[in-house]
Structure formats: structure tokens, C-alpha cells
1. With a cut-off of 8 Å between alpha carbons and a minimum separation of six or more residues, what is the relative contact order of the chain in percent?
2. Take the alpha carbon gyration tensor of the stretch 69-137, find the square roots of its eigenvalues, order them as a ≥ b ≥ c, and report rounded if a/c is under 1.5; if not, report prolate when a/b exceeds b/c, else oblate.
3. Springs between alpha-carbon atoms under 10 Å, Gaussian network over the chain: tell me which of ARG83, ARG110, ARG35 tops the mean-square fluctuations.
4. Just add up the charged neighbours of ILE94: K/R +1, D/E -1, any other residue whose Cβ is under 15 Å from the Cβ of ILE94.
5. At 0.692 mPa s and 37 °C, plugging the Kirkwood radius over alpha-carbon pairs of the chain into Stokes-Einstein gives what diffusion coefficient in µm²/s?
6. May I ask for the angle, rounded to the nearest 10°, between helix 38-53 and the longest principal axis of the chain, with both axes built from Cα atoms and the value confined to 0 to 90°?
7. For the chain, what % of the accessible area comes from carbon and sulfur atoms, probe 1.4 Å?
8. Rounded to the nearest 10 degrees, what's the angle between the helix 78-88 long axis and the longest principal axis of the chain, both from Cα atoms, 0 to 90?
Amino acid sequence: MSTLARLVGFGLDFGKGWPMLTPATPEAQVVLVCRASAAGTWAATGAIEQWRRRAGMSGSMTLLGVVAVAASPRRPPRIATERLQLLRGWTPQIWSVGWVDALLAADDPRDVGAPPDVEALRTAIWQKVHSAREGKR
């Protein structure tokens, strides 16, 4: 399970791929996570393009948004900021999570606790998940 999933308290980490779903699987609600770096935003751009074309995907998925996790305590590089701006037009939501130095030394991120931006992310995703479910009824 990823650090972010542990901190928000829900979700699964599918690594570098989309969830593999069967026709019997209920709709998956997906949040992509990337580093706010050149490589991370490049990977997110490719993943969003796959989702837009539904390339190599099985089952039914709803993309709730993208979380850009700070790659360092410094400001993100310009290329990362520009790519995230581009993704704002392709995905329903972009959230940002700042750098937390204490997480580097933690065996379990829950020992450090969730910073305010992660708490806000938890609430925002939870609301999106439940509003999406209500919309399906």
C-alpha cells in the first residue's frame, strides 16, 4: 500500500498500471497519483491519455482526478507545473500534496500523521466518491 493510501486511510495502490477489472466488477473510481516532477507528470499525462482513449482498459472506470505529490520541499519545476496545467483540462480534478520531510524516516506514515493538505485531500476524494455513487442511483 502506498504512503498516500495509508495516510488517507482508503484506496489501493495499483502501481504503474490501471486496475484490471472484469465485467462482473463494479465500476472502479480511480485517482491517479504522480510526483510533481518532469518524469512524474509525464507519466500522468500518458496515463490520462490512455484513460481518454480507454486503451488497454477492462471494465468500467471513473477517473476522479490526479494527485500531484511534491517531489521535494522546493517549488516544482516549470515543466511539471505546465503539464499539470494541461492535465487540468483533461481530468475532473487536480489536487496537490506538499512535501513532508518526516515521512522519509517513518516506517509507517501513520506514525507521522496526515498533514492538513492530506486531510483536505481525504475529505475531497471521499465526497467525490460518494457523490459519484449517488449520481449512479
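The values are calculated or read from the model by the stated rules, or taken from the named source; none is laboratory data. As the structure is a computational prediction, the values presented were derived from the model and not from experiment. Glycine gets a Cβ as well: all are built from the backbone with ideal geometry, and neighbour counts include every protein chain shown. Surface areas here come from the heavy atoms of the whole protein model, side chains and all, with no ligands, DNA or RNA. Shrake-Rupley method; radii C 1.70, N 1.55, O 1.52, S 1.80 Å.
1. 26 percent
2. oblate
3. ARG110
4. +2
5. For the chosen part, D equals 208 µm²/s.
6. Helix 38-53 sits at roughly 10 degrees to that axis.
7. 55 percent
8. That works out to roughly 30 degrees.
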